[in-house]
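For reference, the structure discussed in these notes is given below.
The values are calculated or read from the model by the stated rules, or taken from the named source; none is laboratory data. The shown structure was predicted, so the numbers you read here are calculated from the model rather than taken from an experiment. Note that each Cβ is placed from the backbone with ideal geometry, even for glycine, and that neighbours are counted across all protein chains shown.
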Amino acid sequence: MTDRPILLVEDNPMDVDLTLRAFQRRRVTNPVLVARDGEEALAWLPRWEAGETWPAVILLDLKLPKVDGLEVLRQLKQHPTLRAIPVVVLTTSEEGADVQAAYLLGVNSYIVKPVEFEKFMDVSEKIDLYWTVINKRSY
């Protein structure tokens, strides 16, 4: 298991709470950092460049204020070193154009948020298990 943080980029306070409760219930031990809009998410890039610990995974909503999720993804994946950070889009959008755009920009996975809490719990467990335990990183 890794002690790297998980960065949750989510503007909806209810979804932030739901995610944190799901991770707590599943005993996710990684610290969870929260960026409440795309601008806050992008503010992490210079901090990581300066040596702060990179996240194990970024959970990225698409529909964000200030800077949308696709622009956050674009800037991250264009970065020469930080593009190695895995990004999982976790959004309510099932629009084919969003899915296609995210994959063209280099997203590692695209997950549509389940509405029901128990299904969301299952998704959060799988995210934690795969991205913080099973998946091998090069950084």
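Would you mind stating whether Leu76 is free of Cβ contacts under 8 Å to residues at least 60 places away in the same chain and either in a strand (DSSP E or B) or surrounded by 13 or more Cβ atoms within 10 Å (Cβ to Cβ) (or both)? Judged against the criteria, Leu76 is a match.
Quick grid of which residues meet (1) within 22 Å of Leu20 (Cβ to Cβ); (2) over 14 Å from the mean Cα position of the chain (by Cα):
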| site | (1), (2) |
| --- | --- |
| Leu73 | no, no |
| Leu90 | yes, no |
| Ala97 | no, yes |
| Ala101 | no, yes |
| Ile111 | yes, no |
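One residue stands out in segment 79-93 among those that are of a type outside the set (Val, Ile, Thr) and under 26 Å from Lys126 (Cα atoms): the one that is surrounded by the most Cβ atoms within 10 Å (Cβ to Cβ), namely Leu90. Determine whether segment 42-64 contains at least one residue that is in contact with a Gly (Cβ under 9 Å, 6 or more places away or on another chain) and surrounded by fewer than 18 Cβ atoms within 10 Å (Cβ to Cβ). Yes, that holds for at least one residue.
Scanning segment 8-35 for residues being surrounded by 15 or more Cβ atoms within 10 Å (Cβ to Cβ) and hydroxyl-bearing (Ser, Thr, Tyr) gives a total of 1.
Provide a single number: the residues in segment 82-94 that are assigned to a loop (DSSP other than H, G, I, E, B) and in contact with an Asp or Glu (Cβ under 6 Å, 6 or more places away or on another chain). Give the derivation first.
Here is the first cut: in segment 82-94, the residues assigned to a loop (DSSP other than H, G, I, E, B) are 85-86, 92-94.
Still in the list and also in contact with an Asp or Glu (Cβ under 6 Å, 6 or more places away or on another chain): none.
Total meeting the criteria: 0.
Name the one entry in Val28, Val34, Val57, Val67 that is farther than 14 Å from Glu10 by Cβ and touching a residue at least 12 places away in the same chain (Cβ under 8 Å). Within the list Val28, Val34, Val57, Val67, the selection yields Val28.
None of Ala101, Ala97 is assigned to a helix (DSSP H, G or I), surrounded by 16 or more Cβ atoms within 10 Å (Cβ to Cβ) and modelled with pLDDT of 85 or more except Ala101.
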